[in-house]
Amino acid sequence: MTQPSQPETTGKTFLCVVDDTEEFSRALHFACCRAVNTGGRVALLYVTQPVEFQHWMAVGDRMREEAREEAEEMLSVVAGRVQEKTGQTPAVYIREGTVREQVVDLINEETHVSFLVLGAASGTDGPGPLVSYLVERMTGELRVPVVIVPGGLSNEDIDAIT
């Protein structure tokens, strides 16, 4: 389903789950800084939702195609930011399914992934569904550390700790 680019470095790979949230920006900044400071690289995962409309196959196929195009557009922009910050092209993955399952599957399949970097929401609703799920249910089962970047940190704060 995905044609990932292979790592070009021997350093650590920092995986970020791409979405349009503010906390993703914090996680991406952290991952880029750590990659630069450790000789590592960044990997990006975008998960599209499964198409539920199966009544007419052509409509379902078109919906899947549009979701893929949207993912590619967003990843192109984000990959450009990573390239700008790190000087390296990130590994890129597009998968279909639930974010929870695809994150765990990717980590289990891609042995070069060293860290999962997630941003925590800074609002009153909690850190976010993926962070909550991984911390509550999966932390002991993942083969890599999960780095949770608080959403309230500024880029300057992140620079100071990376």
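The values are calculated or read from the model by the stated rules, or taken from the named source; none is laboratory data. Note that this is a predicted model, so its numbers are computed, not measured. Positions of Cβ are backbone-derived with ideal geometry, glycine not excepted, and every protein chain shown enters the neighbour counts.
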Review point. Do you know which of the residues in the range 1-29 that are out of contact with any Leu (no Cβ under 8 Å at 6 or more places or on another chain), over 18 Å from Gly80 (Cβ atoms) and not hydroxyl-bearing (Ser, Thr, Tyr) is modelled with the highest pLDDT?
Key: Lys12
Point to revise | Thr21 surrounded by 15 or more Cβ atoms within 10 Å (Cβ to Cβ) and polar (S, T, N, Q) | key: no
Point to revise | Selected residue (only one of Asp105, Asp157 is out of contact with any Gly (no Cβ under 9 Å at 6 or more places or on another chain) and either surrounded by fewer than 16 Cβ atoms within 10 Å (Cβ to Cβ) or of a type in the set (Val, Ile, Thr) (or both)) | key: Asp157
Review point. What pairs can you find where one residue is in the range 128-153 and closer than 18 Å to Ser25 by Cα, the other is of a type in the set (D, E, K, R) and modelled with pLDDT of 75 or more, and their Cβ atoms are less than 7 Å apart, with a gap of 6+ or different chains?
Key: Gly128/Glu23; Leu130/Arg100; Val149/Arg26; Gly151/Glu22; Gly151/Glu23; Gly151/Arg26; Leu153/Arg26
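Of the residues that sit in the range 32-59 and are aromatic (Phe, Trp, Tyr) and in contact with a helix residue (DSSP H, G or I) (Cβ under 9 Å, 6 or more places away or on another chain), which one is modelled with the lowest pLDDT? So that I can check it myself, show each step before the final result.
The initial filter retains those residues of the range 32-59 that are aromatic (Phe, Trp, Tyr), namely 46, 53, 56.
Right, trim to in contact with a helix residue (DSSP H, G or I) (Cβ under 9 Å, 6 or more places away or on another chain) and you get 46, 53.
Numbers: Tyr46: 97, Phe53: 57.
Result: Phe53.
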Review point. So which residues in the range 63-96 are more than 15 Å from Ala43 (Cβ to Cβ) and touching a Pro at 6+ places or on another chain (Cβ under 7 Å)?
Key: Glu96
Check your understanding: Restricting attention to the range 113-132, which residues are crowded, with 16+ Cβ neighbours inside 10 Å, farther than 17 Å from Tyr46 by Cα and either touching a Ser or Thr at 6+ places or on another chain (Cβ under 9 Å) or modelled with pLDDT under 80 (or both)?
Key -> Ser114, Ala121, Pro127
